[in-house]
Amino acid sequence: DTKETKSDKKKVVAVVGGGLVGALNACFFAKRGFEVHVFESREDIRTAKVVKGRSINLALSHRGRSALKHVGMEEKIVSQGIPMHARMIHTPDGKQSPIPYGKKGQYILSVDRANLNKQLLTEAETYANAKLNFDHKLQDWNAETGTMTFVRGDGSREHVLADLIVGCDGAFSAIRKQFMRRSRFNYSQTYIPHGYMELTMPPRDGDFAMKPGYLHIWPRNTFMMIALPNLDQTFTCTLFMPFDEFDKITTGDQVLDFFEQYFADAIPLIGVEELKSDFFRLPAQAMVSVKCSPYHIGDKCVLMGDAAHAVVPFYGQGMNAGFEDCIVFDEIMSQFNEDLSAVLPEYTRVRVPDDHAIADLAMYNYIEMRAHVNSKWFLFRKYVDNFLHLLMPRTIIPLYTMVTFTRTRYHQAVERWHWQDKVINRGLFLCGTGAVLGGSYLLFKNPPNIDKIDIEKLWNRLLSFRNF
Ligand code: FAD
């Protein structure tokens, strides 16, 4: 079936990159009636035998879902995801304790990356005015004319002209190279010292080996492991660790020793032999954070998704932010009546502060996830924040909630978080000081007669407060 779109305008939009953001963006532009051509360097992943790529599964949350909803894909994707209501923290001695993500009913979804990408490509193809071109690797393009040069698998070249070029070609974007040659283009890229490696935890007796409704985390300060459930009842475990540490492990026995020391409870679940061999299947992968600005050149080209802002994966927001880029661009298109010379600068103005904010937050969570979740103060503050959120749901909103379960602009979420932090810490300080001063005053006024204290009464009093 092909969908007819409302208008007869035929401006040509070239979406370079048919990954998650490119495929979704093609639907957004096609829905508006543009003539859309997607150019993807890989062959069609729906028919390819081997699909190379990054993480096997991803956490989808509100921003990503909102974008999918816009093109009528939310329900389909959500029904194929696994809800995760809380983090499940695994301590070194094997104990597990959940920390909910938000209020009751709030959850993130574990979705299969390849399946999501395939479904989005198929959805884009349902528009009569959208065409997918695989095996088209962008080599170069001309910012003045909008002409792109693609190289095919057989070495041949193709030149294509478009009115608008949308660079969705990922963290190492070829489209971005033209931006780098221009004056007043800001760019920074940071590789973190950690790499990641994925390991599979198979089903046990026909069921998940661990509770599936959680994102499992083994925080171990300098490194950590996480595990997300898959529909086939496996878990994909991702080990994040400095490359130096990965380099030290060279034999199967060393893998086992390492896991025995830090992730002992996961060994029988992954399997001793599987662990020893899986660990060496692929080398650890690097993680990069990319920030740049502006996101556009004139009315010709705009960057979105990882091409504009690759973030480290510790807030589970890279794809979500990329999907939200599509909505923000679409909103601005409506606001400016599709006048590209006004839309593109406005998109940069609106979106850069937000994408930079999520890149910074992801870097912050890089430390929070592996170290802070072990700290008593951090856990105490999480409970205080959640408790205050229950009492004053509009005044105090935990940062994670704003980022994951709302479309509050990322930079505003950060500002609000700093303000809330100040207020709550001051409140706690005042309560603490008040309690100490008040207690001292009472003790001074009524010095206790130790002999008269009824220990049993005191104990019962304490017990009655236990469930507060
Ligand atoms: P990509 O997915 O990189 O797609 C780019 C596409 O462009 C690819 O198909 C590529 O083949 C194509 N391409 C590249 N160069 C060219 C060229 N020259 N010509 C033509 N085509 C080209 N995000 C979340 O929201 N939640 C998560 O839980 C999460 N977990 C993650 C875990 C890990 C380990 C990693 C590494 C990332 C994670 N992310 C997560 C981030 C997420 O993967 C990215 O933000 C997302 O894939 C970005 O999509 P994209 O389409 O912009 O880029």
Practice prompt. Return the residue satisfying two criteria in turn: it lies in region 247-286 and is within 16 Å of the ligand (Cβ to nearest atom) and of a type in the set (A, V, I, L, M), and of such residues it is farthest from A171 (Cα to Cα).
Written response: L282
Response to the item:
Filtering region 334-354 for residues that are out of contact with any strand residue (DSSP E or B) (no Cβ under 8 Å at 6 or more places or on another chain) and surrounded by fewer than 20 Cβ atoms within 10 Å (Cβ to Cβ) leaves a count of 12
Discussion item. Looking at region 48-66, can you tell me whether even one residue there is within 11 Å of the ligand (Cβ to nearest atom), modelled with pLDDT of 95 or more, more than 30 Å from V403 (Cα to Cα) and not in a strand (DSSP E or B)?
Written reply: no
Worksheet item: For S289, are the conditions met, namely being hydroxyl-bearing (S, T, Y), within 16 Å of the ligand (Cβ to nearest atom) and more than 20 Å from F29 (Cβ to Cβ)?
Response: yes
Discussion item. The conditions are (1) touching a Phe, Trp or Tyr at 6+ places or on another chain (Cβ under 8 Å); (2) among the basic types (K, R); (3) at pLDDT 95 or above, and R220 fails exactly one of them. Which is it?
Written reply: (3)
Worksheet entry | Inter-residue pairs, beta-carbon under 8 Å, first under 30 Å from T406 (Cβ atoms) and in region 416-442, second in a helix (DSSP H, G or I) and of a type in the set (D, E, K, R), 6+ apart | Q420/D385; I424/R381; I424/D385
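Per-residue answers, yes or no, for (1) in a loop (DSSP other than H, G, I, E, B); (2) within 30 Å of I267 (Cβ to Cβ); (3) within 11 Å of the ligand (Cβ to nearest atom); (4) touching a strand residue (DSSP E or B) at 6+ places or on another chain (Cβ under 8 Å):
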site	(1), (2), (3), (4)
S173	yes, no, yes, yes
R184	yes, no, no, no
T190	no, no, no, yes
P193	no, yes, no, yes
L199	no, yes, no, yes
Fill in: Candidate set: region 25-47, residues that are in a helix (DSSP H, G or I) and farther than 16 Å from G167 by Cβ; chosen: the one farthest from the ligand (Cβ to nearest atom)
K31
Fill in: Of the criteria (1) small (G, A, S); (2) surrounded by 14 or more Cβ atoms within 10 Å (Cβ to Cβ); (3) within 27 Å of the chain's Cα centre (by Cα), which one S188 fails
(2)
Worksheet item: S97: crowded, with 16+ Cβ neighbours inside 10 Å and within 28 Å of E368 (Cα to Cα), yes or no?
Response: no
Discussion item. Against the definition (closer than 30 Å to K31 by Cα, touching a residue at least 24 places away in the same chain (Cβ under 8 Å) and within 13 Å of the ligand (Cβ to nearest atom)), how does Q178 come out, yes or no?
Written reply: yes
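Using the structure shown, decide if V78 is under 18 Å from the mean Cα position of the chain (by Cα), within 16 Å of the ligand (Cβ to nearest atom), of a type in the set (V, I, T) and farther than 26 Å from C301 by Cα.
yes
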Worksheet item: Given the residues G22, G18, which is the only one that is within 12 Å of the ligand (Cβ to nearest atom), assigned to a helix (DSSP H, G or I) and touching a residue at least 40 places away in the same chain (Cβ under 8 Å)?
Response: G22
Worksheet item: Just to be sure, is I358 surrounded by fewer than 23 Cβ atoms within 10 Å (Cβ to Cβ) and among the β-branched types (V, I, T)?
Response: no
Worksheet item: Looking at (1) touching a residue at least 24 places away in the same chain (Cβ under 8 Å); (2) surrounded by fewer than 14 Cβ atoms within 10 Å (Cβ to Cβ); (3) polar (S, T, N, Q), can you tell me which one S183 breaks?
Response: (1)
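Yes/no per residue for (1) free of Cβ contacts under 8 Å to residues at least 60 places away in the same chain; (2) of a type in the set (F, W, Y):
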| residue | (1), (2) |
| --- | --- |
| F235 | yes, yes |
| T238 | no, no |
| P268 | yes, no |
| M287 | no, no |
| K291 | no, no |
| H296 | yes, no |
| D299 | no, no |
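Name the residues in region 373-404 that are part of a helix (DSSP H, G or I) and within 20 Å of S61 (Cβ to Cβ), would you? Spell out the reasoning first.
The initial filter retains those residues of region 373-404 that are part of a helix (DSSP H, G or I), namely 373-374, 376-391, 399-404.
Selection gives V373, K382, D385, N386, H389, L399, Y400, T401, M402, V403, T404.
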Fill in: Qualifying residues in region 142-151 (those that are of a type outside the set (V, I, T) and over 20 Å from A23 (Cβ atoms)) - the one surrounded by the fewest Cβ atoms within 10 Å (Cβ to Cβ)
E144
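The values are calculated or read from the model by the stated rules, or taken from the named source; none is laboratory data. Since we're looking at a predicted model, the values are computed, not measured. Counting neighbours? That spans all protein chains shown, and the Cβs are built from the backbone with ideal geometry, glycine included.
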